[in-house]
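Notes to accompany the following structure.
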Ligand code: PCA
């Protein structure tokens, strides 16, 4: 039986985020045995490069799903993003010094796209494992939303849909209840659970 292939990305550090847990998670899982084939990449926090990097990987590897990760430093749960919005509007520049405010990502394109990941099933799986999880209706208007929208648009533009979406992880916290964030091991467990759900979903829909 062929193995499902999932493209999974994280982001490099940016702004005041000196360690980006999304990078740590992706690098950790890339080294583990996995029932699915993971193609992984760490993206630059750069408007001109990040989405193109993913598009190149899609064309080279033809994955059956795209799972993009980034950190939302002030959140306290794994957040499953529902919607990508057609706007770049950030208060800080990207790592190349580019500040974009109030500009559409793609002109004359739809205002938003839904995630096509099985986020309801992911929510249930994380709840069952006792991992804090929430849905989010807004992935921000910086690089995470930028790649989420750009890649959903890329597929819509080609009249294809494979499961594609974005998950924000919290900043790295410790076990103490006062600190916001979540320990890295728990974040890794959460994302592995999401990969397992995605693999089951692909099995049902694609027979892989
Ligand atoms: N988080 C930022 C960009 C990179 C990342 O990990 C965001 O939420 O847009």
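The values are calculated or read from the model by the stated rules, or taken from the named source; none is laboratory data. Keep in mind that what you see is a predicted model, and the values were worked out from it rather than measured. Reconstructed Cβ throughout: ideal geometry from the backbone, glycine too, with neighbour counts over all protein chains shown.
Going by the structure shown, is residue 9 more than 16 Å from the chain's Cα centre (by Cα) and either under 16 Å from residue 72 (Cα atoms) or within 14 Å of the ligand (Cβ to nearest atom) (or both)?
Criteria not met by residue 9.
Can we say residue 31 is within 21 Å of residue 125 (Cα to Cα), modelled with pLDDT of 95 or more and out of contact with any helix residue (DSSP H, G or I) (no Cβ under 8 Å at 6 or more places or on another chain)?
In short, no.
Any chance the range 25-43 includes a residue that's over 22 Å from residue 100 (Cβ atoms) and within 12 Å of the ligand (Cβ to nearest atom)?
Within the range 25-43 (the criterion being over 22 Å from residue 100 (Cβ atoms) and within 12 Å of the ligand (Cβ to nearest atom)), the answer is yes, since at least one residue qualifies.
Between 187, 192, which is within 14 Å of the chain's Cα centre (by Cα) and within 15 Å of the ligand (Cβ to nearest atom)?
187
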